[in-house]
Amino acid sequence: MKNKIKELIGGYKTLPLPVKASVWYTFSNVLVKGISLLSTPIFTRVMSPSEYGTFALFQSWFNIVIIFTSLNIFMSGYIKGLLLYKENIDQYTSVSLFQVIVITMIFFASFCLFPNIWSKLLGMSDTLIIFMFIELVTMPAYSFWTAHARFEYRYRKVVIASIFTSVTSVLLGVVMVIASKDKVQARVVSDVLAKSLLAIPILIMLLWKGKKLFNWKYWKYNFKFNIPLIPHYLSNFALTQSDRVMIGRIINAAAAAQYSIAYTISMMMVLIVTAINDALTPYIYKSMDKRSLKGITQITTPVFYLIAFFSVITMVFAPEIIIIFAGKKYAPATYIVPPVSASVFFIFLYSMFSTIEYFYQKTVRIAFATVIAAALNIALNSVFIGKYGYYAAGYTTLVSYIVLSLTHYLFYRLILKDKFNSNVQIYSVKDIIISSSLVLLFMFIMLISYKFLLLRYFVILLLLIGGIYKRKAIANILKGIKKTKEE
């Protein structure tokens, strides 16, 4: 046993830094989401449905408003900027952060001038909107800091910070909500305060290190890169949220709840996808900057199979997961899990293609692809939800993400043809086709096996036997990752 442990530790130490970062980001994201999920029953018991719903509304509006107040400058545009302005990273960071602060304060000024319009639009009190602006002006600093840390694979601080913020938000939230009469305000204040404990010191540190607040070259780059992406961010939000809204309107709230449970469980794997993507993006950017493509192929090929595996595992154990998290009354939602879990694979697939588009600043194409997918999703939902019930939304989601992946693949191919030649490949198309086909195949198998318990367990047994039989091939894949050199 000790030898096995030593072997695992030794294997971990030989992993390339991008892979280590991916492992730890995945761990922290899953842990943070787990803390959030485990805390949900606590807050739903000490808050009324309307109170908890208002807090959920606050979070939803924050995710929308921050698109306009920050332009999401701290995302892919910032990662690209770290390469473009690598000689003045601290200065570029402080200027970009101040740019976000200025835009946010302009929106805050409009709230001060027209508070009634804002309150009516958001459906929240002035107090909650003020706290939203506190979060809007502080959290981008935290996002810039974590993005820079990920870029340099400094994962320890990011992992510790994310876990600290999550735990503090929950603990402080429980205490304040129980002690307060205005439970919505208590939950919002506790959440914003927990995040600000780290975000405000980071904000001050970044501005002090950069020692510069304005540089038109940096501002111009940020505007040029990110403004065309606003339709992309809004469409992406619509792509993930429109299903539940349309089910509630076309059928009823109970059907929306069934779908929401299955969707939430299936999309938990997006945490892993996001963590892996966050870890891979700096590596891909640095490799592209050096035009070193072979390493990207080596490190991403096994990852496609890894994401496919995670998607299938969610499908296989969907009945048990739903009963554990939601109870038997949500058992019918099990049949939503396979298509939505398959969608997670295609979310990762399109993100890999769009990473290349982000690198070459093809932001208009990215926005176009997401708008098309969101429009398709809404159109399909309007036709099929009424005919086939809320189950149809799972398949419209899958179709939309497949189309999104194909659209980004076409744009990705255009870039390769323009920047390299038609024969160059960054990702292994053969392995993409195989892994995506396996995901879709298992989706159909699982849909059939849910009605036959013995058949599903037989499929699980086959997967285990196949894993043991192919252990050498799996070991070779892992060795391939280990051999990938840090760029």
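Every read-out reported here was derived from the displayed coordinates using simple, explicitly stated rules and does not represent laboratory data. Computed from a prediction, not measured in an experiment: that's the story for all the values here. Neighbour counts run over all protein chains shown; Cβ positions are idealised from the backbone, glycine included.
One table, with the values for the structure above:
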{"read-out": "18 Å Cα-Cα threshold exceeded, pairs from 220/417; 120/183; 80/211; 80/290; 80/417; 86/209", "value": "220/417; 120/183; 80/211; 80/417"}
{"read-out": "Under-5 Å amide H pairs with residue 124, H placed in peptide plane, nonlocal only", "value": "none"}
{"read-out": "Amide N proximity, the stretch 257-293 versus residue 419 label position 7 Å along Cα-to-Cβ, cut-off under 20 Å", "value": "277-293"}
{"read-out": "Note, ³J(HN,Hα) from phi for the stretch 215-229, Karplus 6.51, -1.76, 1.60, rounded to Hz, x at Gly and Pro", "value": "8, 4, 4, 5, 4, 4, 4, 4, 5, 5, 6, 9, 4, x, 8"}
{"read-out": "The stretch 390-395 - phi-based ³J(HN,Hα) in whole Hz, Karplus 6.51/-1.76/1.60, Gly and Pro as x", "value": "5, 4, 4, 5, x, 7"}
{"read-out": "Percent of C-alpha pairs per 10 Å bin, the stretch 160-232, short to long", "value": "17, 26, 26, 23, 7"}
{"read-out": "Debye intensity ratio in log₁₀ form over the Cα atoms of the stretch 114-227, taken at each q of 0.09, 0.16, 0.18 Å⁻¹", "value": "-0.34, -0.93, -1.06"}
{"read-out": "The stretch 59-130-the stretch 381-404 distance, computed between alpha-carbon centres (Å)", "value": "33"}
{"read-out": "Under 14 Å from residue 195, Cα to Cα: aspartates and glutamates that are on another chain or at least 8 residues apart", "value": "135"}
{"read-out": "For the stretch 293-306, Karplus couplings with θ = phi - 60° (6.51, -1.76, 1.60), whole Hz, Gly/Pro x", "value": "8, 4, x, 4, 4, 5, 7, 8, 4, x, 5, 4, 6, 5"}
{"read-out": "Those trypsin sites (Lys or Arg not before Pro) in the stretch 182-289 that DSSP places in a loop and that have at most 12 other beta carbons within 10 Å", "value": "211"}
{"read-out": "Stretch gain in nm, segment residue 167-residue 457, where the contour uses 0.36 nm per residue and the Cα spacing is subtracted", "value": "100.7 nm"}
{"read-out": "Spherically averaged projected area in nm², based on the convex hull that wraps the Cα atoms of the stretch 82-141", "value": "4.6"}
{"read-out": "FRET efficiency, residue 219 to residue 113 (Cβ-Cβ, R0 25 Å, nearest 0.05)", "value": "0.55"}
